[in-house]
Amino acid sequence: MEEKIIFEYKSEGRPSIKFPDNNFNYKSPEELLDKSLICNEACGDFPELSEPEVVRHFIRLSERNYNVDANFYPLGSCTMKYNPKVNEQVSRFPGFTDIHPYQDEEDIQGILELLYQLGEYLKDLSGLPGVTLQPAAGAHGELTGLFLMKAYFNEHDPKRNVILIPDSAHGTNPASAKTAGFETIQIKSNPAGNTDPEQLKKYIDDRFAGIMLTIPNTLGLFDRHILDVSKIVHDAGGFLYMDGANMNALMGKVIPADLGVDVMHFNLHKTFSTPHGGGGPGGGPITVSSALEKYLPVPVITRRKDKYSLDYDRPSSIGKVKEFYGNIGVCVKAYSYFKALGSSGLKKVTEFAVLNANYIRKSLEDIFKTAYPRICMHECVLTNENQEQYGIKTLNIAKRLLDYGIHAPTVYFPLIVHEAIMIEPTETESKEALDNFIEIMKKIAEESKSAPEIVLNAPHKMFRKKLDEVTAARNPILKWRKE
Ligand SMILES: *Cc1c(COP(=O)(O)O)cnc(C)c1O
């Protein structure tokens, strides 16, 4: 059923809220309010609908929303896993929601302890000694980490201004490096999807400041040369920045500092129990090596005996990157998630995430060609190569999945894989859910052969059929206007 824009429902004179008649000695709005605050027709053309009509309109819209609580959501690179509701509940405890950031340190010892402890957990996971929880998202964490590197080189060797970024990187990496004032150079991945140490050496000169690597990389592959790469980077006086968005593949298994990582961000809204996809709020804490620690944003939360304080007295600090101390609600959820799982639980998360991705890869590899035929980490990349002969594009496969009630995986990313289909099942999916997805993918492969027009013209069962994605991206209409 078509749902109209709320302004298009016509029901003049049917407001949701009525002020009581004056016969109980109530004061009317006109008597209570300053005249200048009372709006008349000149204020606009608001829809006039009864309360149940408003409720139904928004409920109907919300039911169109596909979400991770409704079904399988295998969006690669996004870690769309189930977020336990208990953590949501904990973050809404009045002790957390009713405090104010301007309150005296003495009064907010509880939340300071929680934030300090969360910082300690993140340090433990990364093996790095410094932390800030301020950045509000992954990209913001990248920017903060790069600001720290910039501050370091401004002090030690200002001509170092070049950041190397592999061609498989997430688009935020080069954007953050440029925003932080660096020059970026793209380096090519080798045929196995890794950074080639020999290739890397060619790009290094006395202007080299560092490299940004996603570990495991955005192809879902662990870089076999990572130790060689980090040695080359450090021998050349640069920093190794790790994009930690894929931390779901490493927790408790690999300590980034052991790989030579100097600075990294976490995406609390991917790995640590904050729902995402709706635009925030998120959390992008970073942990850093001792060389970068003194530049961390202020305030740093410190502990002396059992008292926690906000340390603003840090002369080398880059200053603030966000008001106050970070998105606290998101931090509370992450803390609660850490507490609920413990270190052995986090390790299991990683084991199941990797197992599930490989189960899908292996189950489908005879039907959909894999981009890199080797063991993957928490996500796998397929292609349409076997289906191309029937005229089927990756986009068609993605759209056909919608007819079967499954959210499409990430498609056409990473850009270096032709017609990529990137699947990240996450650890929270059962074997039954994975088998169901695999069955559906097999059906689509079969349809591609026997009745390709069904796949080509998908989706058939969606509320909206195939959209003109180019026009939607180039000329979006974001505002409804009255004819
Ligand atoms: C999600 C993601 C980012 C960006 O994180 P945001 O929180 O969306 O800003 C960066 N790199 C990789 C690999 C990602 O998957």
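The values are calculated or read from the model by the stated rules, or taken from the named source; none is laboratory data. Note that the structure is a prediction, hence the values are computed from the model and not measured. Note that each Cβ is placed from the backbone with ideal geometry, even for glycine, and that neighbours are counted across all protein chains shown.
A single entry from 171, 181, 210 fulfils the requirement of being touching a residue at least 40 places away in the same chain (Cβ under 8 Å) and either of a type outside the set (S, T, N, Q) or away from the ligand (no atom under 16 Å from the Cβ) (or both): 210.
In segment 28-39, the residues that are under 17 Å from residue 17 (Cα atoms) reach residues that are aliphatic (A, V, I, L, M) and surrounded by 10 or more Cβ atoms within 10 Å (Cβ to Cβ) with C-beta atoms within less than 9 angstrom, at least six apart or across chains, in these pairs: 29/38; 30/38.
Counting only residues that are among the aliphatic types (A, V, I, L, M) and more than 30 Å from residue 329 (Cα to Cα), segment 135-191 holds 6 of them. For first residues located in segment 78-101 and of a type in the set (Ser, Thr, Tyr), partners that are away from the ligand (no atom under 16 Å from the Cβ) and lie 6+ apart or on another chain with Cβ distances below 6 Å form the pairs 82/428; 91/332.
Each residue in segment 220-246 was checked for being in contact with a strand residue (DSSP E or B) (Cβ under 7 Å, 6 or more places away or on another chain), within 15 Å of the ligand (Cβ to nearest atom), among the hydrophobic types (A, V, I, L, M, F, W, C) and in a loop (DSSP other than H, G, I, E, B), and 1 of them qualify. If you check 127, 138, 171 for being closer than 30 Å to residue 371 by Cβ and buried (at least 16 other Cβ atoms within 10 Å of the Cβ), only one passes: 138.
Taking residues in segment 113-126 that are under 13 Å from residue 328 (Cβ atoms), and partners anywhere that are among the small types (Gly, Ala, Ser) and modelled with pLDDT under 95, the pairs with Cβ atoms closer than 9 Å and at least 6 places apart or on different chains are 115/326. Residues in segment 354-386 that are over 14 Å from residue 411 (Cα atoms) and of a type in the set (Gly, Ala, Ser): 357, 363.
Applying a threshold of 6 Å to beta carbon distances and a minimum spacing of six or more residues, or different chains, the list of pairs starting in segment 263-282 at a residue that is touching a residue at least 12 places away in the same chain (Cβ under 8 Å) and closer than 25 Å to residue 147 by Cα and ending at one that is more than 10 Å from the ligand (Cβ to nearest atom) and of a type in the set (Phe, Trp, Tyr) reads 263/241; 272/337. Looking only at residues of segment 222-240 that are of a type outside the set (Asp, Glu) and at pLDDT below 95, we find that the one that is nearest to residue 423 (Cα to Cα) is 222. Among residues of segment 296-311 that are within 10 Å of residue 325 (Cβ to Cβ) and assigned by TED's automatic domain parsing to the domain that holds residue 109, those with a Cβ under 8 angstrom from a residue that is acidic (Asp, Glu) and not in a strand (DSSP E or B), sequence gap 6+ or separate chain, pair up as 310/105. What strands (runs of 3 or more DSSP E) completely inside segment 259-323 contain at least 1 residues that are farther than 21 Å from residue 334 by Cβ and more than 11 Å from the ligand (Cβ to nearest atom)? Hits in segment 259-323: 300-304, 307-311. Sort out which residues of segment 141-163 are away from the ligand (no atom under 16 Å from the Cβ) and closer than 27 Å to residue 417 by Cα, and write them in order of number. Hit for segment 141-163 is 162, nothing else. Out of segment 428-483, which residues are under 30 Å from residue 347 (Cβ atoms) and part of a loop (DSSP other than H, G, I, E, B)? Hits for segment 428-483 are 428, 429, 430.
Here residue 392 fulfils each of the conditions (1) within 26 Å of residue 171 (Cα to Cα); (2) buried (at least 18 other Cβ atoms within 10 Å of the Cβ) apart from (1).
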